[in-house]
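Scroll down for the structure; my scribbles are underneath it.
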């Protein structure tokens, strides 16, 4: 009986310890696709009526190119101006679907934006500002087991989008 219990316990331990792909596998299997970066106009109580505020944003999907389903728990975006060490802002979102991304499939569109950006008197004054700095965003995903996976840094295009009353569905 002991001869049967030890291999069974070892198998159960291996099964319970494997929570899906490792961070290294996730980096190899998950690709950021359908990327669109731009500056979006912020609307809200912290925007004064005589000004406009633009914040950097990114829209993207994840594609699973690996052989196994990949479970993503959340996204974290770190927005920075290119020549500065300190972050401009962060956006944190839970993954919009509870199920894993199956091999060959894409996730729903993910929209992340910085809570902070630049203020100007008008859209035109913002667009023509010679001090408008280039920005970038680093995408980090959380996977089961509390592991973080850096999926890369992407430049924010110096393009302005129309105002958003609220974020697209998450």
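Of the residues 66, 98, 89, 20, the single one that is at pLDDT below 85 and surrounded by 14 or more Cβ atoms within 10 Å (Cβ to Cβ) is 20.
Exactly one of (1) outside any loop (DSSP other than H, G, I, E, B); (2) modelled with pLDDT of 85 or more is unmet by residue 108. Its number? It is condition (1) that residue 108 fails.
Cβ-Cβ contacts under 8 Å between residues 6 or more apart (or on different chains), taken from a first residue in the range 89-102 that is farther than 26 Å from residue 55 by Cα to a second residue that is at pLDDT below 85 and in a loop (DSSP other than H, G, I, E, B), are listed as 100/20.
Can you tell which of 33, 43, 26 is within 16 Å of residue 142 (Cα to Cα) and either at pLDDT 50 or above or in contact with a strand residue (DSSP E or B) (Cβ under 7 Å, 6 or more places away or on another chain) (or both)?
On the way: 33 fails: within 16 Å of residue 142 (Cα to Cα); 43 fails: within 16 Å of residue 142 (Cα to Cα).
On inspection, the qualifying residue turns out to be 26.
Among the residues of the range 53-86, those identified as outside any strand (DSSP E or B) and either under 15 Å from the mean Cα position of the chain (by Cα) or under 15 Å from residue 108 (Cβ atoms) (or both) are 71, 72, 73.
Against the list (1) in contact with a strand residue (DSSP E or B) (Cβ under 7 Å, 6 or more places away or on another chain); (2) more than 17 Å from residue 22 (Cα to Cα), the condition residue 84 fails is (1).
The values are calculated or read from the model by the stated rules, or taken from the named source; none is laboratory data. Being a predicted model, the structure only gives us computed values, none of them experimental. Neighbour counts run over all protein chains shown; Cβ positions are idealised from the backbone, glycine included.
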